[in-house]
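Just below is one structure, and these are the notes that go with it.
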Amino acid sequence: MSKLSLSKEKIKVVLLEGVHPLAEESFRKDGYNNITYLKGTPEKEELKTLLSDAHILGIRSRTHITQDVLDACDKLMAIGTFCIGTNQINLEYARNKGIPVFNAPFSNTRSVAELVLAEIIFLMRGIPQKNAAAHRGQWQKTAESSFEIRGKKLGIVGFGHIGSQLGVIAESLGMKVYFYDIENKLPMGNAKNTESLNELLAKVDVLSLHVPSTAATKDMIGKQQLDKMRQGSYLINAARGDVVVIEDLIDALDSGKIKGAALDVFPQEPSSNNDPFISQLKEYDQVIITPHIGGSTLEAQVNIANEVSNKLMKYSNNGTTSSAVNFPQVSLPEIAGKQSRVMHIHKNKPGMLEQVNRIFSKHDMNITALHLQTEGEIGYVIMDVDCNEVDDLKTELKSIDGTLRVRVLHGS
Ligand code: NAI
C-alpha cells in the first residue's frame, strides 16, 4: 500500500462515453471518490473546461484528445482508453507533456477467437447460404458440401494472442492447426508452423487471418495468394480490413476457388451505426458479414474496464507504466514501509540524471532503488528514498530545466 502526496479523494477522475460501470466501481473501491462519470462526451470547449482540473481521464474512441485539449489539461496525469485503439489521442504530444496513455489491447482475445471458431463451423456446413435461402422461403435440405470440422486443416496467419488462442480451441474440436508468423513463435498444443505463407496457403482447408495492419500485411491476401489456396477452401478475416484485396476475393468466390468467407473487417467501414454499409460482398450468400464485432462482447467490456482502470490506478498509486503505449515502461514494486518514491519525468537530454542525483546528494538522501527508462523525447526516473520529508527536494527537482512533472508517493 502507498499513500499519495495528493490524497486519493482529491484526485479528480473523469470517465466519459459511458465506459463500463465497473471502472468507476474499481476506482471507488480503491479510495478514489472524486469521480465524474458521463454517458457521452462533451463538445470540445466544454471538454477543456471539464478536464482543466482533472488528473485521470478515461475515454473510449469518440473523445478526441488533441493538442489544444491537452494544453487545457494542466493537471492531467494519465489517460486510459477503454477500448483497443488509441489514435483518438495525440500520443506524441501527450508523451511530451509527461502523460502516459494506457489501453486494453488483449481484453477481447477470447471473444474474437470464439467468433472465428463458430464461423469455421458455419462456413464448412454451408450455413450462410442455407440460412439466407431459408429467409427467402427456400428449403435447402442437403448434406452436399457440408462438412464436419473434425480432422480438417486450419491455417492461422499471425500466431499472436488471438491466433494462438484460436489454435488451441480449434484443436480441442479435432482440427489440425498450422500457422505462419513472421516472428519465431512457440507452437501451442500440436500446432505446426510453416516456413512460408505460401506453404500454409496450399495446405489448409480454412485460412484465418490474425495479423496487425502494417505495411507488410496490407493486401497480404490478393489474387496471387488466393490462387495458391486449395480449391473450395474458406477464408476468414477478423484482423484488419486492408489485409484482404476484396475485388480478388470476389473473383475467387465467383470461380468457386473460395467456397465461403467470413469477414468482420473491411477496407471501408461505416463510421457509425447510422451510416450504410456499402460492399459488393452483400450479394454473396456464402459470405458471413459482421460489423466489426469480433471483440464486442459483454465479457470483453468487463475485461477492458478492469484492465484499464487497474493500469491507471497502478500508475497513480505506485508509478508503474507497464504497457503504456506512448511512454517509457517501468514495472515498479510497492513502496516499502517508511520510504518515499520520487518520480521525475523529463525531456530526454544529456545530463538530466546527473542533475537529479546532485539534488538527492545535496539533501543527503539514501537512494534505495533507482529505475530509469527513456523513450523518444522523454525520460522517466524513479527513486525510492529512506525518508518521508521530500517537499524541498520536490521543489528543487521541479526547477531543473527540462522537467515535465514531479510526483511523490509515500509508503505506509
Ligand atoms: P498480436 O500482436 O498478439 O498478434 C499478431 C501476430 O501477427 C504476431 O504474432 C505477429 O508477429 C504476427 N505478424 C505481424 N506481422 C506479420 C506478417 N507480416 N506476417 C505474419 N505474421 C505477422 O495481436 P492480436 O491481439 O492477436 O490481434 C491480431 C489482429 O486482430 C490485429 O489486427 C487486431 O487489430 C485484430 N483484432 C480485431 C478485433 C475485431 O473486433 N475483429 C478485435 C481485436 C483484435
Inset, instruction - Pop out the ³J(HN,Hα) list for region 308-316 in order, Karplus 6.51 cos²θ - 1.76 cosθ + 1.60 with θ = phi - 60°, rounded to Hz; leave Gly and Pro as x. - result: 6, 5, 5, 5, 5, 5, 4, 5, 5
Legend entry - Residue-by-residue Karplus 3J(HN,Hα) for region 265-281, coefficients 6.51, -1.76, 1.60, Hz, glycine and proline x: 9, 9, x, 10, 10, x, 7, 8, 5, 8, 8, x, 9, 10, 6, 5, 4
Inset, instruction - Quick one: which residues, 5+ away or cross-chain, put their amide H under 5 Å from the amide H of LEU207? H built at 1.01 Å from N. - result: GLY155, TYR234, LEU235, ILE236
Inset, instruction - Give the cross-link partners of LYS48 among the lysines, using a straight C-alpha distance below 26 Å as the criterion and excluding same-chain residues fewer than 8 apart. - result: LYS8, LYS10, LYS12, LYS39, LYS75, LYS97, LYS311, LYS314, LYS347, LYS398
Inset, instruction - For region 105-172 and region 349-377, compute the distance between their C-alpha centroids and round to whole Å. - result: 55 Å
Inset, instruction - Go ahead and set up a Gaussian network model of the chain, Cα springs under 10 Å, then flag whichever of ARG60, ARG341, ARG125 fluctuates most. - result: ARG125
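Suppose every Lys and Arg Cβ carries +1 and every Asp and Glu Cβ carries -1, with no other charges. What dipole size does the chain come out with about its Cα centre, to the nearest 20 debye? Spell out each step's value before the answer.
Working: 46 positive and 49 negative charges, 141 e Å.
The dipole magnitude comes to about 680 debye.
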Legend entry - Cut-off 13 Å (backbone N to label point 7 Å along Cα→Cβ of GLU183), residues of region 278-318: none
Legend entry - For ARG405, residues with placed amide H under 5 Å, excluding near neighbours: ILE345
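Compute the Cα gyration tensor for the chain, then decide on rounded, prolate or oblate, letting a ≥ b ≥ c be the square roots of its eigenvalues: rounded whenever a/c is under 1.5, prolate when a/b is larger than b/c in the other cases, and oblate in all that remain. Can you show the working numbers first?
Values: a/c = 2.67, a/b = 2.15, b/c = 1.24.
Since a/c reaches 1.5 and a/b is larger than b/c, the shape of the chain is classed as prolate.
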Inset, instruction - List every residue whose amide H lies under 5 Å from the amide H of ILE89, counting only residues 5 or more places away in sequence or on a different chain, with H placed 1.01 Å from N in the peptide plane. - result: ILE65
Legend entry - Farthest toward positive dipole pole in the chain [+1 Lys/Arg, -1 Asp/Glu at C-beta], among CYS387, SER272, ILE169: ILE169
Legend entry - Projected label distance in nm at GLU199 and LEU298, using a 7 Å step from Cα toward the beta-carbon: 4.5 nm
Inset, instruction - Apply the Karplus parameterisation 6.51 cos²θ - 1.76 cosθ + 1.60, with θ equal to phi minus 60°, to every residue of region 238-249 and state each ³J(HN,Hα) to the nearest whole Hz, in sequence, with x for glycine and proline. - result: 10, 9, 9, x, 8, 7, 10, 7, 4, 4, 5, 5
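Based on DSSP H runs of at least 4 residues, each adding -39500 (n - 2.57), what is the mean residue ellipticity at 222 nm of the chain after dividing by all its residues, to the nearest 500 deg cm²/dmol? Don't skip to the end; give the middle numbers.
Values: 13 runs with 129 residues, N = 412.
Roughly -9000 deg cm²/dmol at 222 nm, from the helical runs in the chain.
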Inset, instruction - Report the relative contact order of the chain, percent, no decimals, based on alpha-carbon pairs under 8 angstrom and at least 6 residues apart. - result: 16 percent
Inset, instruction - Using Cα positions and a limit of under 17 Å, work out the aspartates and glutamates in reach of LYS338, with same-chain residues fewer than 8 apart set aside. - result: ASP364, ASP384, ASP386, GLU389, ASP391
Inset, instruction - Have a look at the DSSP beta bridges in the chain and tell me what percent are antiparallel, nearest 5. - result: 40 percent
Inset, instruction - Report the extension gain between ALA215 and PHE147 in nm, rounded to one decimal, defined as 0.36 nm multiplied by the number of residues separating them, less their alpha carbon distance. - result: 20.9 nm
Inset, instruction - Could you list the residues of region 75-95 with an amide nitrogen less than 15 Å from a label point located 7 Å from the Cα of SER52 in the Cα-to-C-beta direction? - result: 75-76
Legend entry - Cross-link partners of LYS176 among lysines (Cα-Cα below 18 Å; sequence separation of 8 or more within a chain): LYS152, LYS153, LYS185, LYS192, LYS203
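Values in this text are rule-based calculations from the coordinates and carry no lab data. Bear in mind that the values here come from a model prediction, so they are computed numbers and not experimental data. For neighbour counting, all protein chains shown are included, and Cβ atoms are generated from backbone atoms with ideal geometry for every residue, glycine included.
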